[in-house]
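The values are calculated or read from the model by the stated rules, or taken from the named source; none is laboratory data. From a predicted model like this one, the values you see are computed outputs, not experimental measurements. Backbone-built Cβ (ideal geometry, glycine too); neighbour counts: all protein chains shown. All accessible areas refer to the heavy atoms of the entire protein, side chains included, with ligands and DNA or RNA removed. Shrake-Rupley method; radii C 1.70, N 1.55, O 1.52, S 1.80 Å.
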Amino acid sequence: MKRICLIAAGIAAALPFAARAQDTSGALEEVVVTAQRREQSLQEVPISITAFSGEQLEKLNMKSATGYLAVTPNVSFTEDGQSGARGISIAMRGVNNLVSGENAFVNSVGIYLDEFSIASVPNGVANPFLPDMERVEVLRGPQGTYFGRNSLGGALNLTSRAPTDKLEGQVTLGGAKYANAGNMYSFDGVLNVPVSGAFRMRLVGSYENSSGLVKNINPSGQHDSGHDYTNLRLRAVWEPSDRTKLGTTLIYSKENQGTDENVPSGVLDLDTVDTFGFQPGIAFDPGTGFWPDNQNKLSHDLNESNKLDTKIGIVNFAQGISDSLTFKAVGGIIDSTQERFFDQDLIGNLDLLKRTNRYDGKSWSVEARLESRSSAVDWVVGGLYAKDQQEQFNDVAVSSNPTATLTDAVHGTVGFLPPFPDGLGLALNTKNFEVKSYAVFADTTWHVTDKLQILAGARYTKDDVLNARTSYGLRPNLGPPDPVCTAGFFQCFLNFPRPDSSGQRSFSDVAPRLGLRYAWSENGSLYVTASKGYKAGGTSTGNNTNAPGAPSFTVPYEAETLRNYEVGVKMESANHRVRFNASMFVLKWKDLQLEAFRFLTPGDLSSNFEQTINVPDAQAKGVELEFLAKPGDHVTFGGSLGYLNSEMTSDTVAEITGGFRVNLKGLVIPKSPKVTANFFTEYRWDGGHAPWLRGEYVHRGSIYSDVEAVANQQTLGPSPNQGLTRVVPADEFPYKVPEYDVFNLRGGFSFGQATCGLYIENAFDTVYYTGTQENFGLSGIRLRPHPRTYGLNVSVKF
């Protein structure tokens, strides 16, 4: 409540300037967005949007989506850790990918780069690099009419900077020091080349090298969580005439990282207890200690790695047919591969398990639309075809010493595995996913009067969804047809393929949008909208080893739909020195998709089953406030406040690991913080060097990351399958992610064509983590630290 009052006080402080400010020379800059696929002022678009210019991203050191999402109301994220330091999962107004298994395939939040969807990638959620961007827009609420694919809860609309008609460039060198951890060095370069009057190119390159946040104390494993990133982007534009424009964006990025960037919590998840079957269900200390005492150490045996290579190609075409009519087309392809090698037991000098993953993803789409703009009516009609594919190889295998034991005062001496052969797959499978999408859409804005607009639109979508899986069991080699094994009973175990399990289903939906916008003056407007979001269903697949004659196990699940009812105001006052935007909304879900993980055969890793269930009804309601004020030429302050109250309202039971059956009725939707807030104040001095200083405050409310976390109080007793228990502290650590407050300091100055920026992020070294999705292992659920960071960036333009 104190934090809510703090932001409300900031809003109240901004409003008096409406009565006394007269000078327009210090007005706030107009914010231009493309949320409706055309350039418009932010204040004219009847959508709840937070926008960041390219200059803001650079000035505020926002190199990842976590930077701008942290200061956006009613948006949250978790950093899952198993797809590199940039791996994230995003939720908007509680709408998110509810995943407890490997990763999500059909996302709930759209991510668009230069109008092309990049949401379907093998590491779950795309997190493109951000040097030399034009802007980033965070659109909240269903965006089905204009964006469609993967935009059930909202969309990130990213636009790279277009080439100009000047020969110019920029070089930026950066460095950072993490408290009690490693260092980071970076380089960004931009070169703009006007090849001719009609053809222009802009080349962007960046490189980052870091020794990471976490050290490995085991000398036989990967030394640290350090990484090196390489990113190249080429954007070219050819305009042979005033009405014809052809553009392309080409991107290549390579991300290499060592061990995961997380540390043990000391609290075991259900999966670990059910797999190893030891009591009491208390984690083993690998010699590092546990969170929060340990913020920078882990102990792993293996030479771990996490690699992600991504290639993106986008083509944009626009042809003016008349002064008011334009044909546009967007096509692109994304090809991405993630490879991961990991010490799955999480205990140094206990080489039990190793994990290997390879995810290959391809996605391509073609969209064409016809747009008309006039003083009376704006309209757009179009169609889209898209195909997303993903292939997964997952292998949790026996490592070099399966018979190793652990001894401590709590457990005594514990052994975990029989003397299986090195490399035997305990959880070995391949998965194939494919979605083919067809859509047609239309949207219109009728300018009834100069002040009143009526909006109407709809998108029809048809999705064909395929999910196929091959799992491998394990058995002793007893002779023919296999060669006779004489190495001993357990040493003779091998993997064998079970019958394929697959499901293919089709879904269709019509998602409308209706709205009204009334501008009571040039500087203020009210909007009311009702919109629908949609995400395709599918089939959960697995292999039931306990059912003779029925080895294939498939369970269908339905499409998820969401209705959003929203009212909002957008206004500027005090001669454009104060900007205030607010919205209130109600969300109603039908068949909310939620993934529950379990073993079809208790304790048998090879029978792991990721079942997506439908929660028939869920709801959320909330408020979003954003304000920005410039009371004088030297001071700017602003911030935002989000309030979200979510609940699953159906009497729905989900079966999860251990045989627990949890009732979801009355529980909050995962990744739904009740309060999100931020506030900043910036002071800029006069003078040629224009020095500036900025203080920032960010608050994130408490969340649960997934179904195991949100239902953890229902799984404290003995498990139905094996009678096993694990210990969870009274405060629900780490399942209930605590609320946290972060303070940042930034400053800078310029000299000629050069600028220098300095920052201290997490200035008070707040101990916090964002989620609990890295779970399995003997030292407990893993958590990502966020130490105080000191940094410096120097840029030179030419």
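Any idea of the accessible area per residue across the range 599-699, 1.4 Å probe, to the nearest Å²?
Result: 36 Å² of accessible area for each residue.
Rounded to the nearest 500 deg cm²/dmol, what is the calculated helix-only ellipticity per residue at 222 nm for the chain, with -39500 (n - 2.57) per DSSP H run of length n ≥ 4?
Helix-only estimate at 222 nm: -1000 deg cm²/dmol.
Of Asn467, Asn306, Ala27, whose Cα points farthest to the positive end of the dipole of the chain (charges on the beta-carbon: +1 Lys, Arg; -1 Asp, Glu; origin at the Cα centre)?
Towards the positive end, the residue furthest out is Ala27.
May I ask you to give the solvent-accessible area per residue for the range 405-509, in square angstrom, as obtained with a 1.4 angstrom probe?
50
Report the relative contact order of the chain, percent, no decimals, based on alpha-carbon pairs under 8 angstrom and at least 6 residues apart.
So the answer I get is 14 percent.
Quantify, in whole percent, the carbon and sulfur part of the accessible surface of the range 130-262 (1.4 Å probe; protein heavy atoms only).
That share works out to 59 percent.
Quick one: 3J(HN,Hα) in Hz for the range 328-334, Karplus 6.51/-1.76/1.60 with θ = phi - 60°, rounded, Gly and Pro as x.
Ordered by residue, 3J(HN,Hα) equals 10, 9, 9, x, x, 9, 10 Hz.
Please give the Cα centre distance for the range 464-487 versus the range 351-406, rounded to the nearest Å.
Value for the Cα centre distance between the two parts: 28 Å.
Using θ = phi - 60° and the Karplus form 6.51 cos²θ - 1.76 cosθ + 1.60, what ³J(HN,Hα) does each residue of the range 391-396 get, whole Hz, x for Gly and Pro?
10, 10, 10, 10, 8, 9
What is the distance in Å between the Cα centroid of the range 594-610 and that of the range 656-731?
What the calculation gives is 25 Å, centre to centre.
How much area per residue is accessible in the range 188-267 when the probe is 1.4 Å and only protein heavy atoms are counted (Å²)?
Accessible area per residue: 40 Å².
Going down the table (Lys307/Lys362; Lys307/Lys431; Lys63/Lys328; Lys215/Lys674; Lys431/Lys671), which pairs top 24 Å between alpha carbons?
Checking Cα-Cα distances, Lys63/Lys328; Lys215/Lys674; Lys431/Lys671 exceed 24 Å.
What figure in square angstrom, to the nearest 10, would you give for the accessible area of Arg135 with a 1.4 Å probe?
Roughly 30 Å² of Arg135 is accessible to a 1.4 Å probe.
Where the convex hull is taken over the Cα atoms of the range 549-658, what is its projected area averaged over directions, in nm²?
11.4
Need one word for the range 129-230: rounded, prolate or oblate. Basis is the Cα gyration tensor (sqrt eigenvalues a ≥ b ≥ c); a/c below 1.5 gives rounded, then a/b vs b/c decides.
Oblate.
Let me check something: with ligands and nucleic acids excluded, how do Lys387, Lys570, Lys451 order by accessible area (1.4 Å probe), largest to smallest?
Lys451, Lys387, Lys570
Could you pull the accessible area for Tyr704 with a 1.4 Å probe, rounded to 10 Å²?
Surface accessible to solvent at Tyr704 totals approximately 40 Å².
Answer with one residue from Val569, Phe660, Gly701: the one whose Cα lies farthest towards the positive end of the charge dipole of the range 568-709, charges on Cβ with Lys, Arg +1 and Asp, Glu -1.
Checking the options against the dipole of the range 568-709, the answer is Val569.
Given charges of +1 on the Cβ of Lys and Arg and -1 on the Cβ of Asp and Glu, with all other atoms neutral, how large is the dipole of the chain about its Cα centre, in debye to the nearest 20?
It comes to approximately 1460 debye.
Evaluate the relative contact order of the range 503-646 (contact order divided by residue number), counting alpha-carbon pairs under 8 angstrom at least 6 apart; express in whole percent.
19
Counting only Cα, what are the radius of gyration and maximum Cα-Cα distance Dmax of the chain, in Å?
That works out to 26.9, 92 Å for Rg and Dmax.
Of Phe743, Phe609, which has the most accessible area with a 1.4 Å probe, and how do the rest follow in descending order?
Phe743, Phe609
Over the range 734-792, with every protein chain in place, what whole percent of the accessible area is carbon and sulfur at 1.4 Å, could you tell me?
After summing per-atom areas, the C and S share lands at 62 percent.
Out of residues 5 or more away from Ser151 or on other chains, whose amide H comes under 5 Å of its own, with H placed 1.01 Å from N in the peptide plane?
Residues meeting the criterion, in which the H sits 1.01 Å from N, are Gly110.
Could you work out what % of the accessible surface of the range 353-493 is carbon and sulfur, using a 1.4 angstrom probe and leaving DNA, RNA and ligands out of the count?
C and S atoms contribute 61 percent here.
So for Tyr769, Tyr683, Tyr185, Tyr178, what's the accessible-area order with a 1.4 Å probe, most first?
Order by accessible area, largest first: Tyr185, Tyr683, Tyr178, Tyr769.
If you keep only loop residues by DSSP, which chymotrypsin sites (Phe, Trp or Tyr not before Pro) in the range 378-433 have at most 14 other Cβ atoms within 10 Å of their Cβ?
none
Taking the Cα centre of the range 351-487 as the origin, how large is its charge dipole in debye, to the nearest 20, when only Lys and Arg (+1) and Asp and Glu (-1) carry charge on their Cβ atoms?
About 180 debye.
So how much accessible area does Val710 have, in Å² to the nearest 10, using a 1.4 Å probe?
Answer for Val710: close to 10 Å² accessible.
What do you get for the angle between helix 2-14 and the principal long axis of the chain? Use alpha-carbon atoms, 0 to 90 degrees, nearest ten.
That helix lies at roughly 10 degrees to the long axis.
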